[in-house]
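Asker: I have a structure I would like to understand better, so I am pasting it below and will then ask my questions one at a time.
The values are calculated or read from the model by the stated rules, or taken from the named source; none is laboratory data. Computed from a predicted structure; not experimentally measured. We place every Cβ from the backbone using ideal geometry, glycine too, and count neighbours over all the protein chains shown. Please note that ligands, DNA and RNA were not included when accessible areas were found on the heavy atoms of the full protein model with its side chains. Shrake-Rupley method; radii C 1.70, N 1.55, O 1.52, S 1.80 Å.
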Number of protein chains: 2
Amino acid sequence: VYPAIVSDSDLWVEVMLDELPRSISWSGENLKLLDQRLLPEKEEYWLCERSDQVEDAIRQLVVRGAPAIGIAAAYGSLLGLNSSGSLDAMKCQFREQADQLEAARPTAVNLSWALARMCAVADGFDGSCPELLQRLTSEAQQIHEEDKQLCLQIGRHALPIVRQYPNVLTHCNAGSLAVSELGTALAPIYLAHESGVPLHVWVDETRPLFQGARLTAFELGRAGVPHTVITDSMAASVMAAGKVGMVIVGADRVAANGDVANKIGTLGLAVLAQHFDIPFYVACPGSTVDLSTSEGNQIQIEERAREEITGSDAGQLVPITSPVFNPAFDVTPAALITAIVTEQGVLKPPFNLSLEKAHG
Amino acid sequence: VYPAIVSDSDLWVEVMLDELPRSISWSGENLKLLDQRLLPEKEEYWLCERSDQVEDAIRQLVVRGAPAIGIAAAYGSLLGLNSSGSLDAMKCQFREQADQLEAARPTAVNLSWALARMCAVADGFDGSCPELLQRLTSEAQQIHEEDKQLCLQIGRHALPIVRQYPNVLTHCNAGSLAVSELGTALAPIYLAHESGVPLHVWVDETRPLFQGARLTAFELGRAGVPHTVITDSMAASVMAAGKVGMVIVGADRVAANGDVANKIGTLGLAVLAQHFDIPFYVACPGSTVDLSTSEGNQIQIEERAREEITGSDAGQLVPITSPVFNPAFDVTPAALITAIVTEQGVLKPPFNLSLEKAHG
């Protein structure tokens, strides 16, 4: 029924990519970040020429999504480096910038992973300052380029799953905006859509910051993928009605045993999927797999500001005197996950073995 | 540890009631409805002198909560009746008003239950027009007064459960604002709090209309009950952390087999509660039990406007071109419910038997 295989030439992937928004662009000298907080209403960009601007952008969620944060931080670590002084001073400035960037958000492992790659370049380097700057730039571009390829690989590996279950539910945004180009969880959806599969995607709005309603719906709309936005609390209802064939989400950190930290609400979806006998998939690049974390309960969960829930109009949505709890992520135990799709393939339980084999 | 029993004099209940907001007040001639859409920011009232104003108030959610809708509709059906013409004309006008009110919201059974009681008074009546008006007024006041007593009874029956599990999670608003005085799901919480139980209530914000964040948090704050607001998507996370001892919610309609229609998101909570081995209670007056509906799948689920999810600023939260699905309720199967608490007691499975016995 569907085209048998994704074309080798990938020409049609290129065509589709033109429709997708670019969250990160590197000019050669500065970094352009799409301000995702303003979507879908406005498409505005931050032009970053200094490292602290990128740090601000990560902290304030101008750029978000685990892989995108890593890429932005890699470029950010080399912005504004003084290459006209001593090599030691330059390395020192670089290390300071990298440390600042790493502290911007605690949960996503890609941030520290990307910065570790950048630091490895600086640490072992012996030569001129301009040459170091050039090496760092190459490494950041390499991280960026690899990420694009990883997304395509993830999409290809997960494509047969989406073909089998074309009624998909997703949470938050693990798409083009969160990563680069095809995204992770959305990559097989884009590939399936382009190859003619009659898809439908249920988009959880994803409180408190509405990344599903604002970003995923925006991306899918751009690419012409049929979709419907629901509140997070409606997922159970559409599942009970038999309207969901599979769930696919991204990840911020995958522990060695397969426990997955992802946007708050993911755990609830995984429990619902199990109850309604719906397969539950996680899609992420290998850089999200953190084998040094043995279990999910070791993952630090970022708590964010009260105002993300209450809104900025004090007392309008929540009484001023009412306490609020705002964890940004939750941990889904491996037992609730059908498979984890990375660039290496569709990894199945037992995850301690499959993750170690693919990413050890 | 706690006071052994709720005082017979109920003096302390009276004291607490002074702290709770009144959603419905009858002056003898007109109806005052607290505009719940403006809470917690503003406390403003609608003064209704005609039936269609009450209908508007129900439709626009100025007044909401299944029992409160029933009470408001009972008063609404007699507002503006012309008692200076013929009895037949007055009955005809009454019937027309009752029909209009009944159509205002489809899911809550209390609306049609209350109007059926009013209609029974009019149908069998033979006498003067002023006397009919007086009889109808008495019936509406009776419905209102009974509701207050029912809430107290529900609270007393469920009090031992809250004492056993003082870490409570609730969804939407089944409190003073939804009913009269103590509310249904919140009634045992208020009684437990007044009798010194060290409670904590997790309040689901309840998208799309935020009845939890806006109304339940407001009520609990007024009464001094410790509570924390979370997004609906965080319930799984606090349950997984062992912070929830029980879930209690209200109901809009209970079918003969124990299936419960309630605010969208209830089904998901019930599935989560089962997964995490947390007891799940429903509290409602007998008027919510609809033995003529055999199963939950026969209950008509109201779909509401797109703007409830997207907000009024077009394109800000959801792209203008993205479809939205907005069911106001879901159906929780009886198998996920630990017990249904009504004024008759704590009803346990098999619900077809216990509901029939208590409310048949």
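Asker: Take peptide B:197-205, look around each residue's Cβ out to 10 angstrom, count Cβ atoms belonging to other protein chains, and average those counts. Provide the component values of the computation, followed by the final result.
Answerer: Working: counts 0, 0, 0, 1, 0, 1, 4, 1, 8.
Across the residues of B:197-205, the mean count of other-chain Cβ atoms within 10 Å is 2.
Asker: So what does B:GLU303 come to for accessible area, using a 1.4 Å probe and Å² rounded to 10?
Answerer: Here the accessible area works out near 120 Å².
Asker: Something else about it: Positive end of the dipole of segment A:109-248, charges at C-beta (+1 Lys, Arg; -1 Asp, Glu), about the Cα centre: which of A:LEU111, A:HIS227, A:SER138 has its Cα farthest in that direction?
Answerer: A:HIS227
Asker: Follow-up question, since we're still on this one. Using a label point 7 Å beyond Cα on the Cα-Cβ vector, give me the inter-copy distances for B:LEU291 in nanometres, one decimal, shortest first.
Answerer: Counterpart label points of B:LEU291 in the remaining copies fall at 6.5 nm.
Asker: Please compute the modelled spin-label separation between B:PHE325 and A:GLU131, points set 7 Å along Cα→Cβ, answer in nm with one decimal.
Answerer: Computed distance between label sites A:GLU131 and B:PHE325 equals 6.1 nm.
Asker: Relative to the first principal axis of the alpha-carbon coordinates of chain A, what is the inclination of helix A:66-78, with its axis defined by its Cα atoms, in degrees from 0 to 90 and to the nearest 10?
Answerer: Helix A:66-78 and the main axis of chain A meet at about 10 degrees.
Asker: Next question. For chain B, report the accessible area per residue in Å² (1.4 Å probe, heavy atoms, rounded to an integer).
Answerer: Numbers: 13020 Å² over 360 residues.
Dividing the accessible area of chain B by its residue count gives 36 Å².
Asker: Okay, next question. Do any residues of segment B:315-349 show a loss of at least 50 square angstrom of accessible area between the isolated chain and the full protein assembly, using a 1.4 Å probe, and if so which?
Answerer: Going by heavy-atom accessible area, the residues of segment B:315-349 that drop by at least 50 Å² are B:GLN316, B:LEU317, B:PRO319, B:PRO323, B:PHE325.
Asker: Springs between alpha-carbon pairs under 10 angstrom, Gaussian network model over chain B: which of B:LEU39, B:LEU220, B:LEU150 fluctuates most?
Answerer: Per the Cα network of chain B with a 10 Å cutoff, B:LEU39 tops the list.
Asker: Could I ask something else about it? Taking the Cα centre of chain B as the origin, how large is its charge dipole in debye, to the nearest 20, when only Lys and Arg (+1) and Asp and Glu (-1) carry charge on their Cβ atoms? Intermediate values should be presented prior to the final figure.
Answerer: Working: 25 positive and 44 negative charges, 154 e Å.
Computed about the Cα centre, the dipole is about 740 debye.
Asker: Then there is this: For a paramagnetic label modelled at 7 Å from the Cα of A:LYS348 toward its Cβ, which residues of segment A:241-282 fall within the zone defined by backbone nitrogen distances under 16 Å?
Answerer: Answer for segment A:241-282: A:279-282.
Asker: Any idea what the A:GLY196 label distances to the other copies are, label 7 Å down the Cα→Cβ vector, nm, shortest first?
Answerer: Nearest to farthest, the other copies are at 7.6 nm.
Asker: In segment B:261-279, what residues drop by 10 Å² or more in accessible surface going from the chain by itself to the full protein assembly, probe 1.4 Å?
Answerer: B:ILE264, B:GLY265, B:LEU267, B:GLY268, B:VAL271, B:LEU272, B:GLN274, B:HIS275, B:PHE276
Asker: Got a sec? What order do B:ASP126, A:ASP313, A:ASP35 fall in by accessible area at 1.4 Å, biggest, i.e. largest, first? If you can, show how the numbers build up before the last one.
Answerer: Values: B:ASP126 140, A:ASP313 85, A:ASP35 5 Å².
Output order, biggest surface exposure first: B:ASP126, A:ASP313, A:ASP35.
Asker: Hey, another quick one. How large is ³J(HN,Hα), in whole Hz, for each residue of segment A:265-282 in order, when computed from phi with the Karplus curve 6.51 cos²θ - 1.76 cosθ + 1.60 and θ = phi - 60°, using x for Gly and Pro?
Answerer: Working through the residues one at a time gives x, 5, 4, x, 4, 5, 5, 4, 4, 4, 4, 8, 6, 10, x, 10, 10, 10 Hz.
Asker: Spin-label point model (7 Å from Cα, Cβ direction): what's the B:HIS200 to B:GLN298 distance in nm?
Answerer: For B:HIS200 paired with B:GLN298, the spin-label model returns 4.3 nm.
Asker: Given the protein assembly as shown reduced to its alpha-carbon atoms as identical point scatterers, what log10 I(q)/I(0) does the Debye formula return at q = 0.05, 0.08 Å⁻¹?
Answerer: For the protein assembly as shown at q = 0.05, 0.08 Å⁻¹, log10 I(q)/I(0) is -0.28, -0.67.
Asker: Just to confirm the numbers: B:ASP18, label point 7 angstrom along the Cα-Cβ line, distances to the other copies in nm, shortest first?
Answerer: 7.4
Asker: Also, quick follow-up: With θ set to phi - 60° and the Karplus curve 6.51 cos²θ - 1.76 cosθ + 1.60, what are the ³J(HN,Hα) couplings of segment A:103-111 in order, to the nearest whole Hz, using x for Gly and Pro?
Answerer: Coupling constants for segment A:103-111: 7, 5, 9, x, 7, 5, 7, 4, 4 Hz.
Asker: Another question, if that's okay. For B:THR332, what is the net charge nearby, where nearby means another residue's Cβ is under 13 Å from its Cβ and Lys, Arg count +1, Asp, Glu -1? Before the final figure, lay out each step's value.
Answerer: Details: positive: B:ARG253, B:LYS263; negative: B:ASP252, B:ASP259, B:GLU295, B:ASP330.
Surrounding charge for B:THR332 is -2.
Asker: Quick check for me: using +1 on Lys/Arg Cβ and -1 on Asp/Glu Cβ, what's the dipole size of the protein assembly as shown about its Cα centre, in debye to the nearest 20? List each step's numbers first, then the result.
Answerer: On the way: 50 positive and 88 negative charges, 179 e Å.
Roughly 860 debye for the protein assembly as shown.
Asker: Rounded to the nearest 5, what % of DSSP beta bridges with both residues in the protein assembly as shown are antiparallel?
Answerer: Approximately 45 percent, going by the DSSP bridge assignments.
Asker: So, one more: May I ask for the distance between the Cα centers of segment B:28-87 and segment A:110-181, given as a whole number of Å?
Answerer: After rounding, the separation between the Cα centres reads 58 Å.
Asker: Could you tell me, in Å, what Rg and Dmax come out for the Cα atoms of chain B?
Answerer: In Å, with Rg to one decimal and Dmax whole: 20.1, 66.
Asker: Using a 1.4 Å probe and counting only protein heavy atoms, how much accessible surface gets buried when A and B come together, both sides summed, in Å² to the nearest 100?
Answerer: Numbers: alone 14860 and 14840 Å², together 26050 Å².
Counting protein atoms only, the buried area is about 3700 Å².
Asker: If you don't mind, there's one more thing I want to ask. What's the local net charge at A:GLU181, with K and R +1, D and E -1, over the other residues with C-beta under 9 Å away?
Answerer: Numbers: positive: A:ARG22, A:LYS148; negative: A:ASP147.
Taking every Cβ under 9 Å from that of A:GLU181, the sum is +1.
Asker: Which value in nm describes the separation of the simple spin-label points at B:TYR45 and A:LEU47, placed 7 Å from the Cα toward the beta carbon?
Answerer: 5.9 nm
Asker: List residues of segment A:216-259, by number, whose backbone nitrogen lies under 17 Å from a label position 7 Å along Cα→C-beta of A:ASP277.
Answerer: A:239-247
Asker: If you don't mind, another one. Rounded to the nearest 0.05, what FRET efficiency is calculated for A:SER86 and A:SER25 with R0 set to 25 Å and r the Cβ-Cβ distance?
Answerer: Values: r = 32 Å, r/R0 = 1.27.
For R0 = 25 Å, the calculated efficiency reads 0.20.
Asker: Just how much of A:THR107 is accessible, in Å², when a 1.4 Å probe is used and the result is rounded to the nearest 10?
Answerer: Number for this one is 0 Å².
Asker: Quantify, in whole percent, the carbon and sulfur part of the accessible surface of the protein assembly as shown (1.4 Å probe; protein heavy atoms only). Please list the in-between numbers first.
Answerer: Working: 12510 of 26050 Å².
That share works out to 48 percent.
Asker: Along the positive direction of the dipole of chain B (beta-carbon charges: Lys, Arg +1; Asp, Glu -1; about the Cα centre), which of B:LEU353, B:SER51, B:GLN149 reaches farthest?
Answerer: B:LEU353
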